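What follows is a short report on a single structure.
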């Protein structure tokens, strides 16, 4: 595990970024931090429980829209919290409805959720507000950066404490054998729903923060299934068991996206799709798992990496 | 008044026929091959876009395209299963693990297919006009293309249902869906049947796409919504039940037509409400176990 | 008052009655056996008692309270634990973690993590798996996994323990060890209700035996009564 000293050093480095880095770098790192939040939140729930959520984009989008709706009236930190709350409420609803049932229902429901909310918002905007999309209050890049960094630190702390607590054990047991976990006294539905809501709240927060950089949002911009796809890709590629797997995956793909998006908009998504398939087929524990196996000498299937 | 009702009913049956086709295809892939194919809608899109290309560039009659899109989609689906999903099946440690990893793999497939299509066709919305001649039915006018589409959807759906229920291969498919191991021991070439079913499901998607292109405009992003609708129909009809998907498709089609008449932007919302209702009351669906 | 009581318990799967109007009673401190040919409905009955399934008809009470329809974790916390026919352990978690889950979540009153760990260690010691505490469950032999499952169940401090084919797949010395474990659990004051196919074990250990066939209870009595019952012999020989 990473020593606290190393982590602190990295934190200091990141906190002082604007002192030595260009604006472009700050913006890029903000994107990377955002993706790390999305991926790590996704792993928080879907990692141990093995319930695949395809709704990350929905929670992210709700956060974005919260900023769009409230940004003119409330200070930014309040908006971020509102975004987090709205997303977690949505997650509580979805979870209470589908997490009592088999995982496939959960996957299906979460998959369609992004489109559903998009349609609902479009309909609402056309019918009632007469506008299409909204303008978001502009915030300077440094504020966005620090808010994103603070949110990420909060997430990592929450994730750490959950994993070390008895709920971390419960989450893992749900993924291993849910029926046995229930018979051992774990209230599996409650644990799932609450963890799902916590993970959604961070996605909502990230959305609310980044929206202020986009200046204009409409349902098509806020609710893109790409944002359900990216966390999955990053987690599987980077490795789901370890803390730093998602960080690695996020950094790699956020950077790739940044580099490729302007000149090769379709190619890069195609490439990502291919990489996801390759990762599923040949990298069961992600890049981090691969490195671990190589370190142990040989290609023998290592233990499920999950400390 | 009667005309409006007839209009809604015909539109509902048309939509229903299409929904039944795509839902049966997805049900086949999930029920037998146990792959929850999130990229199902992309095969529909390929069917539609290919037909558009064949008609507008090569002037091939869309109905002839049926005989092209179907087999092509089948081959594509069959090959994808034999290479990708078969490999996942052997390397998965449990059925649950395979269900997750195959679903994620199909998620990747969605992005691959959609973006390859975007590179080839571009993002514009395409359409063509074929058989848009008005036909008089009980005083109301309907496009011939819509009636032909309706007829084809129902005919193919019925034919497929009979195939599964009556023929020997159909029996093998049902056996494989029930219990792959035992079916394999009984002499059913299980690898073949799984890939066959996956391919068949893809073929139905391709054909549905072709039929859709006859009545509606198409574009490379159209697949997602159809996948979601197919999923909802499959749940409504009952997971793993092909007759259920057939009936569920028509149910949702009629409801969609009624809702569209009241407010066109709300059909997906209506479908989701039904989805939610079903999950609350009877998750196994109408005909599910 | 019996610690466990079932009245007219019925469960259907599709058109088939897996369990049909079964009445049963288990008194505190007893060891009751449940036998019957394969497919008789024994595990289904256990599933109905533990909350894994909901009965179509009939009621089940534990310590005087109705438990049919309750979720498994509630029933566990009331003091009813079970093991499964297909050994259910958490494969990638260590033996200690497996048992720790029980002591953290399954008891009627909670306890601190430190206490939970020591309770878990005691449970592991009771079944003889102390040395294996940091080995992942999938690395244990079948016999050890079965003992691990028992330890997890014991960690929830049950008053009634349902054992589903504890001895299946074990060789002779392992069966003897399992029988001895059952006796020691009984000495602790825990009531036991066990499904078994190993006749020697059932006959020697149980105070009473119930026989199920095609979902119905066809006989009940002491081991001697059951061994000499014509109905039971026919059912088993007729298979």
When restricted to C:71, C:56, C:42, the only residue within 14 Å of chain A (Cβ to nearest Cβ) and more than 18 Å from residue C:151 (Cα to Cα) is C:71
Exactly one of A:151, A:195, A:189 is facing chain C (nearest Cβ under 10 Å) and either crowded, with 18+ Cβ neighbours inside 10 Å or more than 15 Å from residue A:231 (Cβ to Cβ) (or both), and that one is A:189
Listed by first then second residue, the pairs whose first member lies in segment B:72-86 and is on the phi > 0 side of the Ramachandran plot and within 14 Å of chain A (Cβ to nearest Cβ), whose partner is modelled with pLDDT of 95 or more and surrounded by fewer than 20 Cβ atoms within 10 Å (Cβ to Cβ), with beta carbons under 9 Å and at least 6 positions apart or on separate chains, are none
task: Could you please let me know if residue A:133 is farther than 17 Å from residue B:104 by Cα and modelled with pLDDT under 95?
output: yes
Notebook entry, point to check: Taking residue B:141, is it in a helix (DSSP H, G or I), free of Cβ contacts under 8 Å to residues at least 12 places away in the same chain and farther than 30 Å from residue B:242 by Cβ?
Noted result: no
- Message: Looking for something in a helix (DSSP H, G or I), within 12 Å of another protein chain (Cβ to nearest Cβ) and crowded, with 20+ Cβ neighbours inside 10 Å - is there at least one such residue anywhere in segment C:134-141?
- Response: yes
Among the residues that make up segment B:265-280, is at least one of them within 12 Å of chain A (Cβ to nearest Cβ), in a loop (DSSP other than H, G, I, E, B) and either at pLDDT 90 or above or surrounded by fewer than 17 Cβ atoms within 10 Å (Cβ to Cβ) (or both)? no
Note on segment B:210-225: residues within 14 Å of chain A (Cβ to nearest Cβ) and in a loop (DSSP other than H, G, I, E, B) are B:219, B:220, B:221, B:222
Practice task
Check whether at least one residue in segment A:164-175 is part of a helix (DSSP H, G or I), without any contact (Cβ under 8 Å) to a residue 60 or more places away in the chain and in contact with a strand residue (DSSP E or B) (Cβ under 8 Å, 6 or more places away or on another chain), and report yes or no.
Solution key: no
Residue B:135 passes all but one of the listed conditions (1) assigned to a strand (DSSP E or B); (2) more than 30 Å from residue B:57 (Cβ to Cβ); the exception is number (2)
In segment C:94-116, anything surrounded by fewer than 23 Cβ atoms within 10 Å (Cβ to Cβ) and either closer than 18 Å to residue C:147 by Cα or at pLDDT 95 or above (or both) is listed as C:94, C:96, C:97
Exactly one of B:156, B:173 is at pLDDT below 85, crowded, with 18+ Cβ neighbours inside 10 Å and either in contact with a helix residue (DSSP H, G or I) (Cβ under 8 Å, 6 or more places away or on another chain) or assigned to a helix (DSSP H, G or I) (or both), and that one is B:173
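Among the candidates C:114, C:120, C:81, single out the residue that is touching a residue at least 24 places away in the same chain (Cβ under 8 Å) and farther than 27 Å from residue C:2 by Cβ.
Numbers: C:114 fails: touching a residue at least 24 places away in the same chain (Cβ under 8 Å); C:81 fails: farther than 27 Å from residue C:2 by Cβ.
Of C:114, C:120, C:81, the one residue that is touching a residue at least 24 places away in the same chain (Cβ under 8 Å) and farther than 27 Å from residue C:2 by Cβ is C:120.
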Residue B:207 vs (1) within 13 Å of chain A (Cβ to nearest Cβ); (2) touching a residue at least 60 places away in the same chain (Cβ under 8 Å): all pass except (1)
Hey, any hits in segment B:87-107 for a residue that's away from every other protein chain (no Cβ under 14 Å) and in a helix (DSSP H, G or I)?
no
In the set A:264, A:223, A:237, A:243, the lone residue that is closer than 18 Å to residue B:111 by Cα and surrounded by fewer than 24 Cβ atoms within 10 Å (Cβ to Cβ) is A:264
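The values are calculated or read from the model by the stated rules, or taken from the named source; none is laboratory data. Bear in mind the structure is a predicted one, so any value in this text is a computation, not a measurement. Counting neighbours? That spans all protein chains shown, and the Cβs are built from the backbone with ideal geometry, glycine included.
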